[in-house]
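*Asks:* Once you've had a glance at the structure underneath, I'll fire off some questions.
The values are calculated or read from the model by the stated rules, or taken from the named source; none is laboratory data. A quick note: this is a predicted structure, and the numbers were derived from the prediction, not measured. FYI the Cβ positions are ideal-geometry reconstructions off the backbone, even for glycines, and counts take in every protein chain you see. The area values use the complete protein model at the heavy-atom level, side chains included, leaving out ligands, DNA and RNA. Shrake-Rupley method; radii C 1.70, N 1.55, O 1.52, S 1.80 Å.
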Amino acid sequence: MHKTTTALGLAVLLSSGTSAASQQSDTPPQGVSFYGQINRGVLSYDDGPTKNTYWFVDNSKSVSRIGATYDTPLSDGWRLHARGEIALKWKETNVVNRDDPHDDNYEFDRTQLRKLEVGFVHDTYGRITIGQGAMSADGITGLDLSLTTVVAGTPVQDAAGGQLLVPLGAHTPDNKRIKQAFRSMGSSRRLRLRYDAPITNGWRFVAAAGQEVLSYNDDRLYADTSLRYDGDHGDFRVRAGGALRWIEERPNVFIASGSILHRPSGWNITMATGHESSGAHYYYGKLGYIGRWFDLGQTAISVDIYDGDSIYQSRSSPVSFSSSRSYGIAVVQKVKSPKVDLYALLRRYEYADSAAQYEDSLAFLAGVRWTF
């Protein structure tokens with residue numbers, strides 16, 4: 001009841017400042033604007049003993065959503081920017097599996113609230129935001145110029161996160177899920193106070209602190225700081241950043257990513273890493289190519305690899321050591337009008353821990369994202 005009251009009491013507080021690519025000096029149009037996306041597809045998953053197909057799933061890498069913003073000038077150069085956003089996900093790839101192919105426990109509740117915040121923006125002093133929204137480290141593991149991020153990126157678990165791992169020689173899975181064995185350690189959204197410093201020569205410092213109020217079983221405090229860079233150097237576009245995260249009664253985390261795009265050729269490379277004070281860590285790498293083969297829009301192709309140690313996380317069935325590895329190949333066709341992404345991903349998961357060896361698994365996810 002306390003969390004519900006707190007969340008509803010802050011329902012009038014709205015703003016953004018969350019996008020890694022946003023420029024604080026840009027003056028948005030005044031008034032109310034609406035936006036959103038629908039991202040649906042089909043997932044095929046082979047866990048070794050069985051192969052199952054899930055139709056009309058929501059892609060957890062970039063869930064369906066709808067939102068609205070409100071912008072208005074204030075005095076002395078200040079602007080007010082407000083934002084509200086809710087998820088429209090159902091049969092999410094991070095949920096469905098062969099035991100629950102239709103997401104039978106789904107219900108639309110407060111956990112679908114993504115953003116409900118208000119911010120005050122000044123070109124000289126930066127941005128102060130309060131309400132439900134992104135922590136400062138949100139998106140740090142996904143600074144990626146490959147144009148395949150709609151389906152492929154550091155959170156490799158998103159393609160099939162709800163699926164259950166199957167021990168070698170068994171025909172039934174145990175209680176370990178892909179999303180527990182493969183993690184990006186990325187930040188998310190909380191009820192927080194956030195400060196974004198003005199962008200200086202492509203650099204931006206951000207800090208935030210808050211509490212989880214939408215989850216039914218999380219009363220911990222969260223705090224993080226991040227430093228990001230986005231700039232051009234001749235024919236090269238560079239995007240990079242790192243963040244430190246502190247979570248009450250949990251290991252501290254360092255996460256970072258970076259991406260370089262050679263504009264004339266379309267070749268790009270992305271790298272990311274995450275390290276917990278507990279010893280868990282991973283490394284991620286992606287090689288991509290962006291072609292201009294069709295008039296309807298750019299075509300992006302990428303291959304990636306994820307390698308992690310001691311990533312598996314579960315209080316009910318802890319392990320002393322685990323090895324997580326994933327390989328993926330993705331293709332995305334951009335369509336300029338209407339604004340649509342057509343995508344396909346083939347991803348392999350390999351996992352073992354101190355308790356057992358597990359079957360290698362293969363996920364194929366194809367879908368369409370329409371942005372409006």
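*Asks:* Among the chymotrypsin sites (Phe, Trp or Tyr not before Pro) in the stretch 311-370, which ones are in a DSSP loop with at most 16 other Cβ atoms within 10 Å of the Cβ? Mind listing them?
*Replies:* Details: sites: Tyr312, Phe321, Tyr327, Tyr343, Tyr349, Tyr351, Tyr358, Phe364, Trp370; in loops: Tyr312, Phe321.
Qualifying residues, ordered by number: Phe321.
*Asks:* Filter Lys89/Lys179; Lys89/Lys176; Lys115/Lys339; Lys91/Lys176 down to the pairs with a C-alpha to C-alpha distance above 21 Å, please.
*Replies:* Details: Lys89/Lys179 17 Å; Lys89/Lys176 23 Å; Lys115/Lys339 23 Å; Lys91/Lys176 19 Å.
Correct reply: Lys89/Lys176; Lys115/Lys339.
*Asks:* With an 8 Å cut-off on Cα pairs and a minimum separation of 6 or more residues, tell me the relative contact order of the stretch 216-372 in percent. Walk me through the intermediate numbers first.
*Replies:* Working: 369 pairs, mean separation 19.1, N = 157.
Computed over the stretch 216-372, the figure is 12 percent.
*Asks:* The stretch 85-131 to the stretch 192-207: how many Å between their Cα centroids?
*Replies:* Spelled out, the Cα-based centre of one part sits 23 Å from the other.
*Asks:* On to the next question. First check a/c for the stretch 134-285, with a ≥ b ≥ c the square roots of the eigenvalues of its C-alpha gyration tensor; if it is under 1.5, answer rounded, and if not, answer prolate when a/b is larger than b/c or oblate otherwise. Intermediate values should be presented prior to the final figure.
*Replies:* Details: a/c = 2.43, a/b = 1.23, b/c = 1.98.
Verdict is oblate for the stretch 134-285.
*Asks:* Find how much the distance from Asp232 to Ser75 grows on full extension, using 0.36 nm per residue of separation minus their present alpha carbon separation; answer in nm with one decimal.
*Replies:* Using 0.36 nm per residue and subtracting the Cα-Cα distance, I get 53.2 nm.
*Asks:* Let me ask something additional. With +1 assigned to the C-beta of every Lys and Arg and -1 to the C-beta of every Asp and Glu, and no other charges, what is the dipole magnitude of the chain about the Cα centre in debye, to the nearest 20?
*Replies:* Working: 40 positive and 40 negative charges, 132 e Å.
Dipole magnitude for the chain comes out near 640 debye.
*Asks:* May I ask you to give the solvent-accessible area per residue for the chain, in square angstrom, as obtained with a 1.4 angstrom probe?
*Replies:* Working: 16840 Å² over 372 residues.
About 45 Å² of surface per residue is accessible.
*Asks:* Of the candidates Thr141, Thr69, Thr93, which one comes out as most mobile in a Gaussian network treatment of the chain with C-alpha springs shorter than 10 Å?
*Replies:* Between Thr141, Thr69, Thr93, it is Thr69 that shows the largest mean-square fluctuation.
*Asks:* If Lys and Arg each add +1 and Asp and Glu each add -1, what is the summed charge of the other residues whose beta carbon sits under 10 Å from the beta carbon of Gly41? Write out the running numbers ahead of the final one.
*Replies:* Details: positive: Arg40, Arg369; negative: Asp58.
Once positives and negatives cancel, what remains is +1.
*Asks:* What's the carbon and sulfur percent of the chain's accessible surface, probe 1.4 angstrom, rounded to a whole number?
*Replies:* On the way: 9980 of 16840 Å².
The C+S portion of the solvent-accessible surface of the chain is 59 percent.
*Asks:* Please give the net charge around Gln357, taking every other residue with its beta carbon less than 15 angstrom from that of Gln357, where Lys and Arg add +1 and Asp and Glu add -1.
*Replies:* Numbers: positive: Lys176, Arg325; negative: Asp47, Asp174, Glu350, Asp353, Glu359, Asp360.
Summing Lys and Arg as +1 and Asp and Glu as -1 gives -4.
*Asks:* Can you tell me what share of the DSSP beta bridges in the chain is antiparallel? A percent to the nearest 5 is fine. Walk me through the numbers on the way to the answer.
*Replies:* Working: 162 of 164 bridges.
The answer is about 100 percent antiparallel.
*Asks:* A further question on this structure: Tabulate in residue order the Karplus-calculated ³J(HN,Hα) for the stretch 345-352, using 6.51 cos²θ - 1.76 cosθ + 1.60 with θ = phi - 60°, rounded to whole Hz; enter x for Gly and Pro.
*Replies:* Once θ is set to phi - 60°, the couplings for the stretch 345-352 become 9, 10, 10, 10, 10, 10, 9, 8 Hz.
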